[in-house]
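Accompanying notes for the structure given below.
The values are calculated or read from the model by the stated rules, or taken from the named source; none is laboratory data. The structure presented is a predicted model; accordingly, all values stated were derived computationally and were not measured. No Cβ is skipped: glycine too gets one built from the backbone with ideal geometry, and neighbour counts run over all protein chains shown. The accessibility values were calculated without ligands, DNA or RNA, using every heavy atom of the protein model including side chains. Shrake-Rupley method; radii C 1.70, N 1.55, O 1.52, S 1.80 Å.
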Number of protein chains: 2
Amino acid sequence: MRARPKIKDVATLAGVSTATVSRALSTPESVGLATREKVMEAVKATGYRINAAARDLRMRRARSILILAPNLSNTFFSRIFAAVQEEASAAGLTVQISDSRIGRERLLSLGYDGRADGIVLLDGSLDPEVVNGWQLPLIQLSEWNDAYDAPRLGIDNRAAAGLAVRHLAALGHRKVLHVSGPGDNVLALTRQQGFSGTAAESGIAPVVFPGDFTMEAGAGAARRWAKLSDRPTAAFCASDECALGFISECVHMGFSVPGDVSVVGFDDIDFADRFLPSLTTIRQPREAMGRLAAERVIAMMGAPAKEPRSRPAPPIHVAAALVERASTGPAHT
Amino acid sequence: MRARPKIKDVATLAGVSTATVSRALSTPESVGLATREKVMEAVKATGYRINAAARDLRMRRARSILILAPNLSNTFFSRIFAAVQEEASAAGLTVQISDSRIGRERLLSLGYDGRADGIVLLDGSLDPEVVNGWQLPLIQLSEWNDAYDAPRLGIDNRAAAGLAVRHLAALGHRKVLHVSGPGDNVLALTRQQGFSGTAAESGIAPVVFPGDFTMEAGAGAARRWAKLSDRPTAAFCASDECALGFISECVHMGFSVPGDVSVVGFDDIDFADRFLPSLTTIRQPREAMGRLAAERVIAMMGAPAKEPRSRPAPPIHVAAALVERASTGPAHT
DNA sequence: GGCGCCTCTGCAATCGATTACAACGCGATT
DNA sequence: AATCGCGTTGTAATCGATTGCAGAGGCGCC
């Protein structure tokens, strides 16, 4: 009662061998009906649960997937986590989670200790040597890094940024600010490229401020924007948080949104449509992204390990969309 | 190169036994200097990493803690996850995470398969039989259930609600609405008690609407509030999300906050101070809560399993505080 | 009645680590 | 010179499951 029952206890109680118990549990059809019932009864009676460590060791797999993200407390990630976990759980897998900025050694171990047999990676800034060193099914989600030898999933950030710019162009804006993310972040870069490219096509004068996706960065950008002599009439922020920070600071400074400045965000986090004004933004289907990534990695876990791919697979793009809300309006010259 | 090196490979390369390798890795001081160096070299050369399953099996512990929460995508939890993970990682532990609403069987297994050796539980609505059946160090965080035989950590919700009410009382409000959470939720109940109790003491007429902590619930409550003939001049919502929904809907209906109605939230989520108007709320020190819970459960993991406690330990309370911002103002009669 | 086949079950090896115990080498002590 | 003791190392058992192989038994068919 005190100690956890092991398979031996169940076997003894049911009057069979441990092999039979194991089979009754994993492949019931391979065991006689009467025996199976005896075993199940014994399992119930003892409250037996398989010891994961023993099984993992023997089977050389852990039935677990690992999620790595650069910042666990980020609102954008949480819904992805939930979707991955849900999908994993449905497949009978457990989920490990870790910040991806825990240091090279720890990180290496995580993907290498046999505890996980698949990885969903949300960080494109890790050492490719480390990432490629894990010999595990892995999928890059949202962020990516061309040096990683793994398939990737996410929206087309360049095109998505284009949607935002064209929306502003259509409203008559001719000078637009882009508040970007960290210079070494692949998402920030790609969105900025999309911004610049589309701005050029649309005859929009681009202005770019650096940022880091946070509300603080947005607020800072707003203060800097306010000081400009010839202020852009619209701002496209690289994240919703940044956009909310921007708007909030603008309002505190006495400007009106979208009266004085239209603002577009990126992500469509949960608060976007309850903010005041509600935020025009680019929706990333986070739930679907998480679900697809999980499905994908689970599928890879099932298949025999693919050997080094000859050429990188093209990214799998899920659809992003512009969500028009109240934070954008016509340019008032 | 292809297959993962095992301890045997390292031993062979270093010309020692596996026992020595194991010792060199876990208790270096028990191994001769020369040998230790040879081993370390071999470890580096082979890229050896301990196989977690094998070690877990032998040591009967997994160096891992499990976080269970009723909703992984909730903004309130994410920062707690981050803090727990950080603390765990610093202690050399990995983190498993799961939604706690995955069904009795799966849930039972999670705490019983030897994969985790400590649990941080954020859900007070699970079957006590299941929870008490896990024979693992466990701490209840935020939510709780008196039927769980485990220590608990969190703020004093009753008192915290009192802070909100007294704040409104001090501003001259005499009729206050409380938008509560689910009727079966211990946090909702306790906060509601705090609300009612303090309202009575402060000569405030209480009105209570049911809710469920979400923005939608807040918005719904706002619509219902608007229809009241003698409208409360203030609302105390059981969560920040609810409060934001409430405010947002009020503004959409043409009311001003705090002009027509003051609003207090609960939690102090990240967006609270950037919302427009910024949200007066009760701060829960989520980071500290996560950190403390982790510390606590890690400590329990170290100590020999305490046998069934004679009487329930009193809850450990961390300090909640009122954060005054712009969503509350004097009652305008 | 004998043979073969099929179904069900058990024996025992195995997964890859940790660790109790014993053995060994070697200098110090008597 | 024998003994003691200490620090180091190896041998082998062990953790708790899974599974290849072989044996037992039952059944049908000739």
Fill in the blank from the handout: Restricted to region B:27-46 and to residues being open to solvent by less than 70 Å² (accessible area, probe 1.4 Å) and within 14 Å of another protein chain (Cβ to nearest Cβ), the residue farthest from DNA strand D (Cβ to nearest atom) is B:THR46
Completion exercise
Only one of B:LEU121, B:LEU72, B:LEU108, B:LEU141 is closer than 18 Å to A:ARG49 by Cα and not assigned by TED's automatic domain parsing to the domain that holds B:GLU241, namely B:LEU108
Exercise for the section: Any residue in region B:194-207 that's closer than 15 Å to B:ASN157 by Cβ: show its pairings with residues that are open to solvent by 30 Å² or more (accessible area, probe 1.4 Å) at Cβ separation under 6 Å, as long as the two are six or more apart or on different chains. Expected result: B:GLY194/B:ARG158; B:SER196/B:PRO206
Exercise for the section: Taking only region B:232-259 into account, find how many residues are touching a residue at least 40 places away in the same chain (Cβ under 8 Å), part of a loop (DSSP other than H, G, I, E, B) and of a type outside the set (A, V, I, L, M). Expected result: 5
Practice task
Could you look through region A:1-15, keep only residues that are within 11 Å of DNA strand D (Cβ to nearest atom) and not in a helix (DSSP H, G or I), and pick out the one that is nearest to the other protein chains (Cβ to nearest Cβ)?
Solution key: A:ARG4
Fill in the blank from the handout: Note on A:GLY114: of the conditions (1) modelled with pLDDT under 95; (2) assigned to a helix (DSSP H, G or I), unmet is (2)
Fill in the blank from the handout: The residue that is farthest from DNA strand C (Cβ to nearest atom), considering only those in region A:47-75 that are more than 30 Å from A:ASN185 (Cβ to Cβ), outside any loop (DSSP other than H, G, I, E, B) and facing another protein chain (nearest Cβ under 7 Å), is A:ALA52
Completion exercise
When (1) buried (at least 19 other Cβ atoms within 10 Å of the Cβ); (2) away from DNA strand D (no atom under 11 Å from the Cβ); (3) more than 8 Å from chain B (Cβ to nearest Cβ); (4) of a type in the set (A, V, I, L, M) are applied to A:ALA24, the one that fails is (2)
Exercise for the section: With the condition kept exactly as written, say whether any residue in region A:179-196 is assigned to a loop (DSSP other than H, G, I, E, B) and over 26 Å from the mean Cα position of the chain (by Cα). Expected result: no
Exercise for the section: Return the only residue of B:ARG115, B:ARG101 being within 11 Å of chain A (Cβ to nearest Cβ) and touching a helix residue (DSSP H, G or I) at 6+ places or on another chain (Cβ under 7 Å). Expected result: B:ARG115
Exercise for the section: Test A:VAL120 against the stated conditions and say whether it is within 14 Å of chain B (Cβ to nearest Cβ) and modelled with pLDDT of 95 or more. Expected result: yes
Exercise for the section: Count, please, the residues in region A:79-95 that happen to be surrounded by 24 or more Cβ atoms within 10 Å (Cβ to Cβ) and polar (S, T, N, Q). Expected result: 2
Exercise for the section: Go through (1) within 14 Å of another protein chain (Cβ to nearest Cβ); (2) under 22 Å from the mean Cα position of the chain (by Cα) and name the single condition B:GLY254 misses. Expected result: (2)
Exercise for the section: Scan region A:58-72 and report the pairs whose first residue is of a type in the set (Asp, Glu) and whose second residue is open to solvent by 80 Å² or more (accessible area, probe 1.4 Å), with Cβ atoms within less than 6 Å and a gap of 6+ or a chain change. Expected result: none
Practice task
Restrict the check to region A:68-86 and report whether at least one residue is near DNA strand D (Cβ under 9 Å from one of its atoms) and either in contact with a helix residue (DSSP H, G or I) (Cβ under 6 Å, 6 or more places away or on another chain) or not aliphatic (A, V, I, L, M) (or both).
Solution key: no
